[in-house]
Amino acid sequence: MTQAQIKKAKLYLDQLERTQGKNTAGEDKCYIAFKPDKIRDVNTEYRALSDIIRAGQTDKDTAYEQVWACLNWLIDEEPADLNEYHEAIDGEVSVYTSDLTEWLNKSNYNVHYLTEATEEGVKDGFQALILAQHRAYESIWQSVISLIE
């Protein structure tokens, strides 16, 4: 990863923040969002990240979280090969059935990823959910990495 790419990743990460709020049930929730001043500026970086989040074939919370995770990974790890992100995604994928089924329920499109996993011959439901979530995350990470390249 070049210094220019690291600088670019930091510029994109600066568009986002981890913040605290309430979910629809009134419970405290930590989530990723655009910084309010960045939204008002409507800068190039905001537009590019916003396009990735809107284009993501999953729920918006997952898209924001994975854009955040990918940018942090790029900055923290400074990988020699930007396409060696699969291990990092493995660390993002849940290992709890309840989390995986909650993720599946968040977007109708997540069923598409589950269908892809089963079409590959994965017969174990738990493993299919893991592969499906990995695929969803991978599509977001690929978009972010393309942006940095």
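Taken together, the values in this text are just the output of simple stated rules run on the coordinates, not laboratory data. All values derive from a computational prediction rather than experimental measurement. Don't worry about glycine lacking a Cβ; one is built from the backbone with ideal geometry, like all the others, and counts go over all protein chains shown.
To the nearest whole percent, what portion of all C-alpha pairs in the chain is separated by more than 19 angstrom? Each step should come with its number before you reach the end.
Working: 6099 of 11026 pairs.
Within the chain, distances greater than 19 Å cover 55 percent of Cα pairs.
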At a 10 Å Cβ-Cβ cut-off, how would you order R135, R47, fewest neighbours first? R47, R135
Whole angstrom only: what separates the Cα centroid of the stretch 117-149 from the Cα centroid of the stretch 16-47? 25 Å
